[in-house]
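Structure, as structure tokens:
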Amino acid sequence: MPKHPADHQQLALFRALPSTDMALRDSQDLMAYPFFSLGKSRRTAPIHFEAGNVKLTVEGVPEHGIATIWDADVLIWAASQIVEARDEGIQPSRLMAATPYEILRFTQRGTGQTDYLMLKAALDRLQSTTVATSIRQAAGKRLHRFSWISEWKDHVRADGRSDGIELILADWFFSGVMDSALVLTLDPGYFRLSGGIERWLYRLVRKHGGRQLDGWRFDLRHLHLKSGSLQRYSDFAVQLRHLVRRRPMPGYSLAIERSGATDWLRFRPWSPATPESHLSTGNGDKPVDRLCTDSGIQPHATRGIARNGLG
């Protein structure tokens, strides 16, 4: 692994806080755009997305593939730690230290040797995945290029067990999390979502839905492009319809609507009268007076790691 001594010299080490009852936080940018592979098999085909002023390319190496939506649990853990520290008046840092046990427990995963090895594989994918994006870059500037983790290392005891992990987060990710306007809470039920499409969809719904009582909706074909999925549109649409019938989204109701020749996915928070309303999350985007639609990009105003997830 390449070393970057300057990073270690300039960054103060931030030791992870106790995470019992810590709220889950996520970056709105990561929730809104296709940064991650949605499948569990290794993906080496790049993700390309472009709409309006937003450009995004995600690439992986053949050895590890692109970081997956399950690998992103590590970033959710990191974002939760950063926001919690900031709110408590503690200075967080891109240089973070924690035990594998702490990360695995926070993300509601097992803590055995297999889980630990899968965590290491997730860290490798996050480190080897490269991103180039125009998001949060001034118009006319070059794309910002980074890896989710610039480097990480494992402290191993004499008996071969891990004594702790240190990692350095990308500045692009860290600065986004430090901006409270660009962070949202997630429902704890998120970690119980097992499918890549449903995890991606929940994050997108959470980002755009918030508590807007009149909801939001997306053109299904645009959703397909926004997911970065390698599935054919017809297969993607069938899977979305299955998800709507199962209603797996914590805090939100889903419905498929047809208008002319266009299929739409509509979502809105559970109403207070709905039994599932206790799953609803905190505030998201500002309320609207009517159902909003999106066939493009909205502006920015708006288990540790699982045994069956990271493999």
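The values are calculated or read from the model by the stated rules, or taken from the named source; none is laboratory data. Keep in mind the model is a prediction, meaning the values are calculated, not measured. Backbone-built Cβ (ideal geometry, glycine too); neighbour counts: all protein chains shown.
Okay, residues lined up against (1) at pLDDT 85 or above; (2) among the charged types (D, E, K, R); (3) under 26 Å from residue 43 (Cα atoms); (4) not assigned by TED's automatic domain parsing to the domain that holds residue 76:
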site	(1), (2), (3), (4)
225	yes, no, yes, yes
231	yes, no, yes, yes
242	yes, no, yes, yes
256	yes, no, no, yes
263	yes, yes, no, yes
270	no, no, no, yes
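Just to be sure, is residue 42 assigned by TED's automatic domain parsing to the domain that holds residue 12, over 27 Å from residue 192 (Cα atoms) and within 19 Å of the chain's Cα centre (by Cα)? Criteria not met by residue 42.
Taken over the stretch 229-241, the criterion of being surrounded by 13 or more Cβ atoms within 10 Å (Cβ to Cβ) and in a helix (DSSP H, G or I) is satisfied by 233, 236, 237, 239, 240, 241.
Go through 136, 105, 86, 142 for me and flag whichever is modelled with pLDDT under 95 and either crowded, with 16+ Cβ neighbours inside 10 Å or within 23 Å of residue 24 (Cβ to Cβ) (or both). Reasoning before the result, please.
Values: 105 fails: modelled with pLDDT under 95; 86 fails: modelled with pLDDT under 95; 142 fails: either crowded, with 16+ Cβ neighbours inside 10 Å or within 23 Å of residue 24 (Cβ to Cβ) (or both).
Every option except 136 fails the conditions.
The requirement of being touching an Asp or Glu at 6+ places or on another chain (Cβ under 9 Å), within 30 Å of residue 52 (Cβ to Cβ), outside any helix (DSSP H, G or I) and not hydrophobic (A, V, I, L, M, F, W, C) is fulfilled somewhere in the stretch 147-165, by at least one residue. Scan the stretch 190-199 and give yes if some residue there is charged (D, E, K, R), part of a loop (DSSP other than H, G, I, E, B), modelled with pLDDT under 95 and surrounded by 15 or more Cβ atoms within 10 Å (Cβ to Cβ), otherwise no. The answer is no; no qualifying residue exists.
If you go through the stretch 89-102 and keep only what is part of a helix (DSSP H, G or I) and surrounded by 22 or more Cβ atoms within 10 Å (Cβ to Cβ), you end up with just 100.
The residues of the stretch 28-53 that are in a strand (DSSP E or B) and closer than 20 Å to residue 137 by Cα, listed by number, are 47, 48, 49, 50, 51.
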